[in-house]
Amino acid sequence: MAGKKRLAVWKFASCDGCQLSLLDCEDELLAVAEAVEIAYFPEASSRMAKGPYDLSLVEGSITTEHDALRIRKVRRQSKFLVTIGACATAGGIQSLRNFADVAEFVAAVYASPHYIKTLATSTPISDHVKVDFELRGCPINKTQLLELLSAFLAGRKPVISADSVCTECKQRGNICVMVQGIPCLGPVTHAGCGALCPACRRGCYGCFGPTENPNTAALAAEWQKLGAAPRDIRRAFRTFNAAAPAFRTESEAHGE
Amino acid sequence: MAQDGLSVGVKAVIGREEIGALIAALSARGWRVLGPRVRDGAIIYDDVAGLDDLPAGWTDTQEAGRYRIERRTDAALFGYAVGPHSWKRFLHPPVERLWQARREGDKVTIIAEKNDEKFAFLGVRACELAAIMVQDRVFMEGPYPDTAYRKRRENTFLIAVNCGEAGGTCFCVSMKTGPKAQAGFDLALTELIEGERHEFLVEVGSEAGGAVLADLPRRPAAPEDIAAAEAVTARTANAMGRTLETEGLKELLQGNPEHPRWDDVAQRCLACANCTMVCPTCFCTTIADVSALDGTAERVRKWDSCFSLDFSYIHGGSVRKETKSRYRQWMTHKLAHWIDQFGTSGCVGCGRCITWCPVGIDITEEAASIRADSGKCQEGGNGRA
């Protein structure tokens, strides 16, 4: 079919979980394969067709010089480039290195550190090339991924809200755990997971990163009232989206 | 007029067990009965099948940003104030599909939604009745009534419960909406508990209510029963957790758009939208058209909030970029512009926005602060006429 859009899925520094979300579509996977030509997706198929591609989904962050060059090549071959997940969008859990000395990490982990060539930081794709859309989450939500693909094929804007997780809690009828005494990152976290953790009576872990205008300082002050120590607050903001500017700034405001 | 029922205004007394019979009678007549239940440490509204589902012997304690449930010393069925849910989630659901469309070849078929569910709400508080009436004005009056809302509303049976407990964040007395239900119900209950006695005074508010009550075992209300019920709501009225001075409030808020308190509250406000979603009168929505890969599409309406950046997005960007302007918009609309727009305040004094704000921002306290300092602000030259 001449009109079929060509899809590519790329991996950088990441765990593969977001790419797996595409394979995890199961019921819808055939419809996806029907609607697009999956031209390049090494995780799924050894058939790797050359570019250009209409849509590139990029997983992972940039942690090596080689990858910093490779992402530019990916961008050149892609009409639309969409990052999938916290690594590609914010630098991921591996951006904890940004707060420390990566040489010390390498020395602590590898028997022969001299084999390791890595950058001092883990950075999001948008620090390197123009990104057309960012799908949040660790991992991404497969419903949002399908919405992104449907919107792309229909030539419309994806219906993906930048509101807080609180809006999803209220949609589901969840009872606010924070008001019941459990510290929660929901009020400053981007929606998208469907308020998974609060629905299980846990505070939000912030997997989808900061919302559009997060008042992290006010939330941290409330966490303190609920008994959280500065170290707890620092750690809460320093997970999968540690390098997202709003979360990074807040974590740096609280000591060990 | 009520051949097979009791007239509007009739008062009777029923026993505690008859609440179960009431639920059964409504179910038998085709209503989906929704009422209070304990879930996840809160008293919420959900389907109730019988007396055992109700939160017997539970109450709640509420403060700004704080909610807990606790055991009572009695077995009251309605011994709590309002919880995290409001009836809004049934009459004006958080996510509502307006229609679906299917494409087959060149042909597009539109599939309409049914909306034929009949709700019976058990335990509607006076403030909640007032809130339903506020939303009725929003959705059903004017040139473009909301047909889905109207259909649901016309099929709804309302059983009010006059409050025997004032919550820590309640201020219905200030808003003149409670704690006693005055109108708009089919039946109104007042729980009477004294020593061994556990009964309900029932007042008929509509023909439909009279017909349902006629099916239940009951005795006529004696003057002592009516006096006992009056004493319950009088006691509650004297125990309000909060007050809001409404005298001149509209002019106060409309006259202080540059008050420094707006900056102060913006420091604390998370712009998380919880207050608007728990509010039983907030009605704003957004519309999303979604197409799927299989050739189907749908139009969905979702609750929206004036606290989101997208809410005020027009060509060129969002009008209310700062939290300050969003909080000011919400509060001044609720307490002031609503009066210009719909003829009443948008606030019914239920206190949910205070309790369910994760950082405990209190609308009554914000209003009082603006009132206390409004003179200073004008002297400072910040006030805009």
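The values are calculated or read from the model by the stated rules, or taken from the named source; none is laboratory data. Quantities reported herein were computed from a predicted structural model and do not represent experimental measurements. Here the Cβ is made from the backbone with ideal geometry for all residues, glycine too, and neighbour counts use every protein chain on show. We work out accessible area using only protein heavy atoms, side chains counted, and drop any ligands, DNA or RNA first. Shrake-Rupley method; radii C 1.70, N 1.55, O 1.52, S 1.80 Å.
Would you be able to tell me the number of residues in region B:223-266 that are more than 18 Å from residue B:363 (Cβ to Cβ), more than 26 Å from the chain's Cα centre (by Cα) and open to solvent by 30 Å² or more (accessible area, probe 1.4 Å)?
Selection size over region B:223-266: 5.
Return the residues of region A:157-187 that are within 7 Å of chain B (Cβ to nearest Cβ) and either closer than 30 Å to residue A:54 by Cα or touching a residue at least 60 places away in the same chain (Cβ under 8 Å) (or both); say none if nothing qualifies.
The answer is A:159, A:162, A:163.
Restricting the search to region B:339-361, which residues are buried (at least 20 other Cβ atoms within 10 Å of the Cβ), away from chain A (no Cβ under 13 Å) and on the phi < 0 side of the Ramachandran plot?
B:345, B:346, B:347, B:348, B:350, listed by residue number.
Considering only region A:228-238, I want to know if a residue exists there that is within 11 Å of another protein chain (Cβ to nearest Cβ), under 30 Å from residue B:43 (Cα atoms) and hydrophobic (A, V, I, L, M, F, W, C).
no
Quick check on my filter: what residues within region B:281-332 are open to solvent by 60 Å² or more (accessible area, probe 1.4 Å), within 11 Å of another protein chain (Cβ to nearest Cβ) and part of a loop (DSSP other than H, G, I, E, B)?
B:294, B:321, B:322
Would you please list the contacts, defined by Cβ atoms under 8 Å and residues six or more apart or on different chains, that run from a residue in region B:226-239 that is more than 12 Å from residue B:170 (Cβ to Cβ) to a residue that is surrounded by fewer than 15 Cβ atoms within 10 Å (Cβ to Cβ)?
Qualifying pairs under 8 Å: B:228/B:194.
Considering only residues that are open to solvent by 20 Å² or more (accessible area, probe 1.4 Å), touching a strand residue (DSSP E or B) at 6+ places or on another chain (Cβ under 9 Å) and not aromatic (Phe, Trp, Tyr), which ones fall in region A:18-44?
A:35, A:37, A:38, A:42, A:43, A:44
Which pairs do you get when a residue that is over 23 Å from residue A:120 (Cα atoms), found in region A:54-79, comes within reach of a residue that is surrounded by fewer than 16 Cβ atoms within 10 Å (Cβ to Cβ) and of a type in the set (A, V, I, L, M), reach meaning Cβ atoms under 6 angstrom, with the pair 6+ apart or on two chains?
No pair meets every condition.
Quick check: is even one residue across region B:110-121 open to solvent by less than 20 Å² (accessible area, probe 1.4 Å), assigned to a strand (DSSP E or B), closer than 23 Å to residue B:282 by Cβ and in contact with a Pro (Cβ under 9 Å, 6 or more places away or on another chain)?
Within region B:110-121 (the criterion being open to solvent by less than 20 Å² (accessible area, probe 1.4 Å), assigned to a strand (DSSP E or B), closer than 23 Å to residue B:282 by Cβ and in contact with a Pro (Cβ under 9 Å, 6 or more places away or on another chain)), the answer is no, since none of the residues qualifies.
Can you tell me how many residues in region A:1-17 are surrounded by 18 or more Cβ atoms within 10 Å (Cβ to Cβ), within 23 Å of residue A:155 (Cα to Cα) and away from chain B (no Cβ under 13 Å)?
Count: 4.
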